[in-house]
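Participant: Structure below; questions to follow.
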Amino acid sequence: MEHVKPDGLEQSPPISVGDDIYALAARLFPIRRSITGDGVRRTLDVLSGHVALERHEVPSGTQVFDWTVPKEWIIRSASITGPDGQRVVDFADHNLHVVNYSVPYKGILPLDELRPHIHTLPGQPDVIPYRTSYYAPTWGFCMSYDRVSQLPDGLYRVEVDSELKDGSLTYGEYLHRGKTEREFLLSAHICHPSLANDNCSGLALLATLAKHLAARETRYSYRFLFAPGTIGAITWLSRNEDRTHLIDHGLVLSCVGDAGSPTYKRSRRGDAFIDRAMAHVLGHEAGAKVIDFSPYGYDERQYCSPGFNLPVGMFQRSVHGTFPEYHTSADNLDFIRPEHLADSFRILSEVIDIVEGDWTPLNLVPKCEPQLGRRGLYAALGGQKSQDATSMSLLWVLNLADGQHSLLSMAERSGLPFREIAAAATMLSDHGLLGDA
Amino acid sequence: MEHVKPDGLEQSPPISVGDDIYALAARLFPIRRSITGDGVRRTLDVLSGHVALERHEVPSGTQVFDWTVPKEWIIRSASITGPDGQRVVDFADHNLHVVNYSVPYKGILPLDELRPHIHTLPGQPDVIPYRTSYYAPTWGFCMSYDRVSQLPDGLYRVEVDSELKDGSLTYGEYLHRGKTEREFLLSAHICHPSLANDNCSGLALLATLAKHLAARETRYSYRFLFAPGTIGAITWLSRNEDRTHLIDHGLVLSCVGDAGSPTYKRSRRGDAFIDRAMAHVLGHEAGAKVIDFSPYGYDERQYCSPGFNLPVGMFQRSVHGTFPEYHTSADNLDFIRPEHLADSFRILSEVIDIVEGDWTPLNLVPKCEPQLGRRGLYAALGGQKSQDATSMSLLWVLNLADGQHSLLSMAERSGLPFREIAAAATMLSDHGLLGDA
Amino acid sequence: MEHVKPDGLEQSPPISVGDDIYALAARLFPIRRSITGDGVRRTLDVLSGHVALERHEVPSGTQVFDWTVPKEWIIRSASITGPDGQRVVDFADHNLHVVNYSVPYKGILPLDELRPHIHTLPGQPDVIPYRTSYYAPTWGFCMSYDRVSQLPDGLYRVEVDSELKDGSLTYGEYLHRGKTEREFLLSAHICHPSLANDNCSGLALLATLAKHLAARETRYSYRFLFAPGTIGAITWLSRNEDRTHLIDHGLVLSCVGDAGSPTYKRSRRGDAFIDRAMAHVLGHEAGAKVIDFSPYGYDERQYCSPGFNLPVGMFQRSVHGTFPEYHTSADNLDFIRPEHLADSFRILSEVIDIVEGDWTPLNLVPKCEPQLGRRGLYAALGGQKSQDATSMSLLWVLNLADGQHSLLSMAERSGLPFREIAAAATMLSDHGLLGDA
């Protein structure tokens, strides 16, 4: 796309944004989500209060590349009653208690036949694990190991009142139109029930970001996608195959509310603009990590499949699968905090500022330095030990403005934050020292 | 060459291979070798029991590039008798006692005139050093420093019953023919007398490997060369100059039986396929080292001379010249062990598996991931913290099978062992998900 | 340029060179320098005793790129007298006491109005800082913080007897003509008054180097430039714009006499020959640092501005601005030492040897190693644990002399000092084994 001088960077987001995101995540948390069904629809209802979502329903049975949109899962109740007639486990008590997509079942079983249907985490005996079986028809329960280890022998009555019926897969998207139709894709999975970090945090952050962006005139168009993991992204790609060439930048978001340091996982390309921009921003964050692409994780798996190879990376805080709360009942609303959500929001805002604000200036006075002093751009008094950050930004921009370096390249080479480089470029432009390359 | 899907990888070598190699090395150890003569011939006789060697005799005086094949050295006996009539040193006692290629000499000398002809290692006073003088006509003895320091003044009787006569330089080679005439050269020097690691170990390992390969249908042809160091490699290159363009991969072997961690020294090119394959295999070996090419060492010096610049690296365990036993009587049969020889054999086998098994697959379902679950290639139950190694291999192969990555590239990028990547590619091929690029 | 085999490297400089440089720096130290005026002229007078300088006078008001040559500054006297009639500060006592380029002023001021005109370093209370105001018309004094903090309230009489009048900017240059007109630019700023390391050291070292070079027949032409910082380099570039294409290598010198380890700052290009040569030499110096280009520092700022982008790096010992003596009265003749000046001289000499002595040889016996032994270039006795440095240099040169590697490349790849590689190349040439590539 044409790189033009941007209108300037946005203001910092208000501090309260973390509270807003947290409040939205808290509303999403209790909803019974799966990859299809009313849980997804109710989640999109809540998000629609923040952003004007377009909703899509894709019928069960639709072929999407190598996959088929599954039947819709309806779960009404599920429980196990013990030999003594007491409830051992009840889906009404926790959304994680039933293996997601369990088929209907009713029967009486001795404990040893029941056991293979009960999933626990012996290493974390007091939490309920999260398990799914979308494509292999089975039923199951998830419980704390402590509870299961107390079960006496005897006959157990199992009832899973679920249904798999023709329906549809639901996803929502929102397009913030910019000056060009080149797109920045922001995607979060909408299928996990009652896991706060994974991914009420990502959904709430994206919806809040969309709301903020709505009021801003941008160069890029921003597409926000809220779709079930794997099958949702595959469905979207299948229906938008002819539009993917418009995607210049993309991020998958998940687990953005915990106390861990920010992590960026590179796109398959490894050197896309989004990879450089995220690496630059995280390079100025203490403790942040940038890790290489791998084909396991979230929907970057689909966006970065070899037939698409889109410039889509993944942003999270603690790396999924590495923290004990991951995919357990411990990933609850205590595990995410407004300040971490606000920090993730700020990081995304900085990356958007880079995407929006990058341009390639040309030094109009390229032979020797221009005399900054008489333009009021340089300390009048010489002899100081070092230069202030503003002067260094000005000098770097002038030195690298040879038409081969965009502002991001300058930030990378100088080690200075993009925003300082961008501010210096604006100042120099205003003084007629820089033009468009 | 054409990269076709291989027939599959070989089984692991039997555990007993270390004992076989050790037993062969032990048979080679006592033979009186030099760069020419009957020692080389007897060594080739022993190796011929394992592999159908073709033997070459190149007459003394033959011009080979900048060198001339030297006269053949015959040594019958050599000794020094002291002032008291007692034997001070006798070649019959140890093959290292005489400087290799000593000219004939008979005389009576006072100790101070004898001393310059006696070589010791004052820093390792109890071992006999190994010394040669192939191209400067002189005579000498090698002894332990302790023994020499006890010699009283007086007249010593010296007798070196040797002869330098027109004869030939002898080397052996064996070609295992594969489907193509592209070659993998495996070369070991055959000239060192009674040094177990350097290089009875390499000779025995190569002969054993040749024997194993003989029973295998391979893509590449494998050339095994057993020739005296330096002059032998030069002679071979001189006589096969028009065939060197067939060599796609090569390894020089020496010192492969000691307890040190495996070491690979890169070819002069540094990024040849053999360099990548060895680096990959050693990257999964604790303590292994990969070092840069340097023009000192073994016959890689000749193969990597600028007029050839062949893709030939060098494999050893402890780096030659860095361990105290190197080129001394301490490099004996106690210094090498069957388990280390077996480990070296396994490493070479893995490299051959890479050379044989590498191919460039093409993902036939490149848009999004294929649904592995319904093909039984993916865990039915979702939500686990991480994927098993097999699933990760499958995902990596699918993701990188864009026609630009061979299996070795995939192993390099994923950090997974080649054999797991290759197994995944076979599995995916069998399910019709991969084709030839 | 044509790379021909050089006539051989120069001898090491005599040990006494450090004393010579120190003595010259000591003569330069007391002169009252600024960016214009008689201080510069007197400094050039002294340097002319060592090297046949060509002197240039550029009139005030001359436009040089974005800058204008300023009026000449004349300072006759400057002082402050306290309420008690005692001298508080007198320019006659120290050249740093007056802000360089202070405008004339005469007046009586209360202490609080005087204070903004007095510059101190509270963190280093006993030293006088160095301050300038070349382009913003003001007056000021520099004093120790301790002295200023003792000043009583009251009225102070200030007298700055200075003058800014049309005159000229003065610089000197010396061209040592080599066999070709391709140039090595060596540049030092001449404007700092009474700062020993910054930059009496650089001026004295360059003049001494020029004197030594004068007696030597060189391949390159060497241009020595002694000009005021910033405006001097800009003026020179403005007047020599059509000659800058001749500059193949360049170094700015400053702060070359202190006890710090040598530091090289790369040119903007980062991979110019001078960058590689300096990195090679400093790679063999304990504690030496090679740092990336940044657009703050000395006149490399101008030479490396994007309109020129010359291959000019900067050499110093301690990095300017990082040592406490920098730009203070503590940067006096005790801060620099003959041995450090001699060390800097030696490093520059080594770099010049590389620039002069680099060439690209071609191995005339490229297939296998040539037989060095019969040429007396290799140890007669074989079997030693390692090779001596000379043999390694010979082997490296032969191995890399494929017409693609200059001696510097060989030194880089082998890790051996350039001088050893160069000596080996000469030896091999003398034996007819190397020719010109």
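Only the coordinates and a few stated rules stand behind these numbers; no lab work does. What you see is a predicted model; the values in this text were computed from it and never measured. Cβ: placed from backbone, ideal geometry, glycine included. Neighbour counts: every protein chain shown.
Participant: Only counting other Cβ atoms within 10 Å, I'd like C:E356, B:E217 sorted with the fewest neighbours first.
Facilitator: B:E217, C:E356
Participant: Just the number, please: percent antiparallel of the DSSP beta bridges in segment C:72-165, rounded to the nearest 5.
Facilitator: 85
Participant: Can you list, largest first and rounded to whole Å, the semi-axes you get for chain C by taking the square root of 5 times each eigenvalue of its Cα gyration tensor?
Facilitator: Each semi-axis is the square root of five times an eigenvalue, giving 50, 22, 17 Å.
Participant: Which residue is it, in chain A, whose C-beta lies closest to the A-to-C rotation axis, and what is that distance in whole Å?
Facilitator: Result for the axis mapping A onto C: A:D271, 11.
Participant: Still on this model: Normalised by the residues of segment C:361-436, what does the relative contact order come to in percent, with Cα pairs under 8 Å and at least six apart?
Facilitator: Relative contact order comes out at 47 percent.
Participant: Whole-Hz Karplus ³J(HN,Hα) for segment B:25-37, in order, using 6.51 cos²θ - 1.76 cosθ + 1.60 and θ = phi - 60°, x for Gly and Pro?
Facilitator: Going residue by residue, I get 4, 5, 6, 6, 3, x, 5, 7, 9, 8, 7, 9, x Hz, with x marking Gly and Pro.
Participant: Mind telling me which of C:D388, C:D292, C:D146 comes out most flexible in a GNM of chain C, alpha-carbon contacts under 10 Å?
Facilitator: Largest GNM mean-square fluctuation: C:D388.
Participant: Follow-up question, since we're still on this one. For a footprinting-style exposure proxy, rank A:D343, B:D331, A:D242, A:D258 by other Cβ within 10 Å, fewest first.
Facilitator: A:D242, A:D343, A:D258, B:D331
Participant: What are the label-to-label distances in nm, one decimal and shortest first, from A:K106 to the same spot in the other copies, with labels 7 Å along Cα to Cβ?
Facilitator: 11.4, 11.5
Participant: Let a ≥ b ≥ c be the square roots of the eigenvalues of the Cα gyration tensor of segment B:290-376; is it rounded (a/c under 1.5), or, if not, prolate (a/b larger than b/c) or oblate?
Facilitator: Judged from the Cα gyration tensor, segment B:290-376 comes out oblate (a/c at least 1.5, b/c at or above a/b).
Participant: How would you classify segment C:255-341 from its alpha-carbon gyration tensor, with a ≥ b ≥ c the square roots of the eigenvalues: rounded for a/c under 1.5, else prolate if a/b is greater than b/c, otherwise oblate?
Facilitator: Verdict is oblate for segment C:255-341.
Participant: Also: Counting only DSSP beta bridges with both residues in segment A:99-231, tell me the antiparallel percent, nearest 5.
Facilitator: Of those bridges, close to 50 percent are antiparallel.
Participant: Using Cα-Cα distances under 8 Å and only pairs 6 or more residues apart, what relative contact order does chain C have, in percent?
Facilitator: About 18 percent, as a whole number.
Participant: Ignore the peptide's own chain and count Cβ atoms of other chains within 10 Å of each Cβ in B:360-369; give me the average, rounded.
Facilitator: Mean number of neighbouring Cβ atoms from other chains: 6.
Participant: Tell me, Kirkwood radius of segment B:137-255 from alpha-carbon pair distances, in Å?
Facilitator: Here the Kirkwood hydrodynamic radius works out to 17.3 Å.
Participant: When the gyration tensor of the protein assembly as shown is built from Cα positions, what are the square roots of 5 times its three eigenvalues, in whole Å, from largest to smallest?
Facilitator: Value: 60, 60, 26 Å, ordered largest first.
Participant: Divide by every residue of chain B the summed helix terms, -39500 (n - 2.57) for each DSSP H run of at least 4, and state the resulting mean residue ellipticity at 222 nm, rounded to the nearest 500 deg cm²/dmol.
Facilitator: Rounded to the nearest 500, it is -8000 deg cm²/dmol.
Participant: OK, next. Give the nm distances, rounded to one decimal, from B:S77 to the matching residue in every other copy, measuring between label points 7 Å along Cα toward the beta carbon; shortest first.
Facilitator: B:S77 label point versus its equivalents elsewhere: 10.8, 10.8 nm.
Participant: Moving to a separate point now. When Cβ neighbours within 10 Å are restricted to other protein chains, what is their mean count per residue of peptide A:375-387?
Facilitator: 6
Participant: Next up: Could you work out how far apart the two model spin labels at B:L246 and A:R216 are, taking each label as a point 7 Å from the Cα in the direction of the beta carbon, and quote it in nm?
Facilitator: Going by the 7 Å Cα→Cβ label model, 6.6 nm.
Participant: Can you pull the mean other chain C-beta count within 10 Å for peptide B:304-311?
Facilitator: 5
Participant: Per 5 Å bin, what percent of the C-alpha pairs of segment B:98-150 does each bin hold, from zero upward?
Facilitator: 5, 21, 26, 24, 17, 6, 0
Participant: Projecting each Cα onto the charge dipole of segment B:72-165 (Lys/Arg +1, Asp/Glu -1 at the beta carbon, about the Cα centre), which of B:S144, B:N100, B:A78 comes out farthest on the positive side?
Facilitator: Farthest along the dipole direction, towards plus: B:N100.
Participant: Have a look at A:E285, A:E369, A:E350 and tell me which one the Gaussian network model of chain A (Cα, springs below 10 Å) gives the largest fluctuation.
Facilitator: Looking only at A:E285, A:E369, A:E350, the largest GNM fluctuation is found for A:E369.
Participant: Let me ask another. Put a point 7 Å out from Cα along the line to Cβ at C:D161; what are the distances to that point in the other copies, in nm, shortest first?
Facilitator: Result for C:D161, in nm, nearest copy first: 10.8, 10.9.
Participant: How many Lys pairs in chain B lie less than 20 angstrom apart by Cα atoms, where the lysines are 8 or more positions apart or on different chains?
Facilitator: Close lysine pairs under the 20 Å cut-off: 5.
Participant: Still on this structure: Which shape class applies to segment C:361-436: rounded if a/c is under 1.5, otherwise prolate when a/b exceeds b/c and oblate if not, where a ≥ b ≥ c are the square roots of the Cα gyration tensor eigenvalues?
Facilitator: It is oblate, given that a/c is not under 1.5 and a/b is not larger than b/c.
Participant: Please list B:128-141, C:31-44 highest first by mean number of surrounding beta-carbon atoms within 10 Å per residue.
Facilitator: Taking the mean over residues of other Cβ atoms within 10 Å, the ranking is C:31-44, B:128-141.
Participant: How big is the antiparallel share of DSSP beta bridges in the protein assembly as shown, given as a percent to the nearest 5?
Facilitator: Bridges in the protein assembly as shown that DSSP calls antiparallel: roughly 65 percent.
Participant: Let me ask something additional. Per the Debye formula with a single identical scatterer at each Cα and no solvent contribution, what log10 I(q)/I(0) holds for segment B:72-165 at q = 0.10, 0.15, 0.21 Å⁻¹?
Facilitator: Here the Debye-derived log intensity ratios amount to -0.23, -0.52, -1.03.
Participant: Please state the relative contact order of segment C:60-113 as a whole percent: Cα pairs under 8 Å, 6+ residues apart?
Facilitator: It comes to 19 percent, rounded to a whole number.
Participant: May I ask for the net charge around B:Y303, where only other residues with Cβ less than 15 Å from the Cβ of B:Y303 are counted and Lys, Arg are +1 while Asp, Glu are -1?
Facilitator: For residues surrounding B:Y303, the net value is 0.
Participant: Further question on the same structure: Given a 10 angstrom Cα cut-off, can you work out which residue in A:L253, A:L237, A:L341 is the most mobile in a GNM of chain A?
Facilitator: A:L237
Participant: Just want the ordering: B:R268, C:R87, from fewest to most Cβ atoms lying within 10 Å of their own Cβ.
Facilitator: Least crowded to most crowded, the residues run C:R87, B:R268.
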